[in-house]
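Worksheet: the structure to be examined is printed underneath.
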Amino acid sequence: MRQPSKVGPNGRENRWLYVIFTAIVILIVVTFFRLQTNFNPVVPYTTTVTESKSDPTEFDKAVATTNTTVHPAVLDSEGNDNGDDEIGILEDDHEDALPETPQTKPMIAEGVEYPFCPRCSKGDTICQEFGDLVLRRSVAYEGTSRRLQEKLIRAIEGKPTKFTIMGGSVSTGHTLKNLNDTFHTRTFEWWNKQFPHSDNLIVNGAKAATQSSYFAFCYAEHIPTDADIILLEFSVNDGSPFPNPEGAGDAGDVMAMEWLVRSLLRLPNKPAVILISLFSFKAGEYFNGQESHLPVANYYDIPYISMKNAFYDYANRHPNDIRPILYNDGHHLSSEGHRVAAEFIIHHIQRQICAISRGELRDRENTLNPGQFPLPADTDLPMVDMWTPRTGNKNFREFEPRCYTFATTVTGEQTGYRPSVMQGWEFWNWKKEKYYVLASKPGALITFPVLVTQGRVYMTIFRSAMYDLGDVWCWVDEVKTAGKQLTGYWDSTHNIGETVSLFEGLEQGEHDIHCELLPAERSSNPNKGTNFRILAVVTG
């Protein structure tokens, strides 16, 4: 006979425990599915780019027969002739990306998209033309580009930008039919379209046949000292630090560029300085001013854009192709050559915009790890110059140059400075590009009143194997026998203004610098020339 089931107190307790357990399980399952439904996966950032139609460039025409839009220098590189439109595409180029923090949050306004970001995407038209490898080669030194990023942020915020350029005849636009074709004007026009402002401005302070040594003393006579972005192009005119048959190998070219760069970085407006390296097709060797400038770029953390890096080997391999495209006369860039140089500069600027849009700001206050190096760090300007040893940095004094020049490219006219004595000397200019005081009759006397602050006097003179150049004898105050002979003639192929040292160790204060043109028998010129040209007297 079956026993009746027990429905006492213990049975009821087990039933309630079962109900509670079942409810908890159901609640967990429902919560899990609800979380799955609300989860939003990360969608990669994409940009829709409309390809613009423009007139073919000279490079497009040069490579039309290859049925590709790749730059000819890319075609010559191993493994890069892939025959399609996506040349070295990198969908995401921020392998060194910083984590987003309050200090590194993106600065680009919401909704603003830049078609060239990320670099070498389909919207990066410069990369589509030249290819990733050539563009990477074109950056001789990138550094942090911190100051450039700071100027970009100002432009993004709607503030005006003042550009300026210092350099030689390439930067003056020599041989160009349209001076608006220069690389710096093209760069400025791109900037002005990207960040339009009625007060955006560019000032060309370049002077033909000059080196960085002249501008190290006289930059303030040629550019506004409140500039935001300063381009420097002296690689063609400055000498190499390595010896060659034409007399290169002087560390003075490194020192001159450093004087100039350090002076510019010390300006109150804290300008962003960008070095530009070009090369002359007529030059017979690789080394030029770039090798003098690279240590300065490294020490002062300045970007260096190098057309020489990108094209020198290609020019050796295909000289008949590259010369008629990039050069007008083998020395000065053509309109297309200027365009290519501008594209390299613009692409570097675009990279900084992309970095800012990703929040990768190079903050000078956060350059050292606080946990590992708990020391305050200001890397905006090195404590001392490149030549001062750490053991002697307490005696370091900043270079304070004074310039007495005879022309200023700010106004394009002669300056107000005049020698106190001019017997047989005259003011003269060549096509309003090169301004001098000139003499050709032996015995001609000239006197320059100057103020010396750090004991040094230099003179910028014109040097060439042409023009019947001769020599002068220069001395300080009344001590003529303790003077120094300067020669305008040399056997180099360059025709250029060179800054040479006259005197050191002078007492601080006012001095008179006298120079007398020497007779033919004392001329260093094999043809006994007696012509002499002075661009400026400078002191420090």
### Message
Take Ile322 and tell me if it is modelled with pLDDT under 95 and over 30 Å from Ala155 (Cα atoms).
### Response
yes
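Do we have Arg358 as of a type in the set (Lys, Arg), at pLDDT below 95 and buried (at least 17 other Cβ atoms within 10 Å of the Cβ) here?
Values: of a type in the set (Lys, Arg): yes; at pLDDT below 95: yes; buried (at least 17 other Cβ atoms within 10 Å of the Cβ): yes.
For Arg358, the condition - of a type in the set (Lys, Arg), at pLDDT below 95 and buried (at least 17 other Cβ atoms within 10 Å of the Cβ) - is met.
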### Task
Out of Leu535, Leu451, Leu506, Leu438, report the one residue that is in a strand (DSSP E or B) and over 16 Å from Met422 (Cβ atoms).
Leu451
### Task
Would you point out the residue of the stretch 383-407, among those that are of a type in the set (S, T, N, Q) and free of Cβ contacts under 8 Å to residues at least 40 places away in the same chain, that is farthest from Val452 (Cα to Cα)?
Thr391
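A quick yes/no check of all residues on (1) within 25 Å of Leu152 (Cα to Cα); (2) surrounded by fewer than 21 Cβ atoms within 10 Å (Cβ to Cβ):
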residue	(1), (2)
Leu201	yes, yes
Thr210	no, no
Cys218	no, no
Glu221	no, no
Pro241	no, yes
Ala251	no, yes
Leu260	yes, no
Asn269	yes, yes
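Take the conditions among the hydroxyl-bearing types (Ser, Thr, Tyr) and either modelled with pLDDT of 95 or more or surrounded by fewer than 19 Cβ atoms within 10 Å (Cβ to Cβ) (or both) and apply them to Ser277. Does it pass?
Numbers: among the hydroxyl-bearing types (Ser, Thr, Tyr): yes; either modelled with pLDDT of 95 or more or surrounded by fewer than 19 Cβ atoms within 10 Å (Cβ to Cβ) (or both): yes.
Considered against the rule, which asks whether it is among the hydroxyl-bearing types (Ser, Thr, Tyr) and either modelled with pLDDT of 95 or more or surrounded by fewer than 19 Cβ atoms within 10 Å (Cβ to Cβ) (or both), Ser277 comes out as yes.
Residues are listed down the side, and each one gets a yes or a no for (1) assigned to a strand (DSSP E or B); (2) in the same structural domain as Ser138 (by TED's automatic domain parsing); (3) of a type outside the set (Asp, Glu); (4) closer than 23 Å to Cys218 by Cβ:
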| residue | (1), (2), (3), (4) |
| --- | --- |
| Asp238 | no, yes, no, yes |
| Arg262 | no, yes, yes, yes |
| Ala283 | no, yes, yes, no |
| Phe287 | no, yes, yes, no |
| Leu294 | no, yes, yes, no |
### Scan of the stretch 496-528 for residues that are closer than 24 Å to Lys207 by Cα and crowded, with 18+ Cβ neighbours inside 10 Å, ordered by number
Ile496, Gly497, Glu498, Thr499, Leu502
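Do we find that Arg136 is out of contact with any strand residue (DSSP E or B) (no Cβ under 8 Å at 6 or more places or on another chain), surrounded by fewer than 18 Cβ atoms within 10 Å (Cβ to Cβ), of a type outside the set (Phe, Trp, Tyr) and touching a residue at least 24 places away in the same chain (Cβ under 8 Å) in this structure?
Values: out of contact with any strand residue (DSSP E or B) (no Cβ under 8 Å at 6 or more places or on another chain): yes; surrounded by fewer than 18 Cβ atoms within 10 Å (Cβ to Cβ): yes; of a type outside the set (Phe, Trp, Tyr): yes; touching a residue at least 24 places away in the same chain (Cβ under 8 Å): no.
Here the answer is no, as Arg136 does not meet what is asked.
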### Message
Looking at the stretch 106-120, I want the residues that are outside the structural domain of Gln149 (by TED's automatic domain parsing) and have a partner that is surrounded by 20 or more Cβ atoms within 10 Å (Cβ to Cβ) and modelled with pLDDT of 85 or more with Cβ atoms under 6 Å, at least 6 apart or on another chain. Which pairs are those?
### Response
none
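Scan the stretch 190-218 for residues that are in contact with a strand residue (DSSP E or B) (Cβ under 9 Å, 6 or more places away or on another chain) and assigned to a helix (DSSP H, G or I) and report the count. Before you say what the answer is, go through the steps one by one.
Pass one, the stretch 190-218, residues in contact with a strand residue (DSSP E or B) (Cβ under 9 Å, 6 or more places away or on another chain): 191-192, 199-218.
Those still in the list that are assigned to a helix (DSSP H, G or I) too: 191-192, 212-218.
The qualifying residues number 9.
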### Query
Of everything in the stretch 428-449 that's within 21 Å of Ala206 (Cβ to Cβ) and surrounded by fewer than 18 Cβ atoms within 10 Å (Cβ to Cβ), which residue is nearest to the chain's Cα centre (by Cα)?
Glu433
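The values are calculated or read from the model by the stated rules, or taken from the named source; none is laboratory data. Computed from a predicted structure; not experimentally measured. Every residue, glycine as well, gets a Cβ built from its backbone with ideal geometry; the counts of neighbours run over all protein chains shown.
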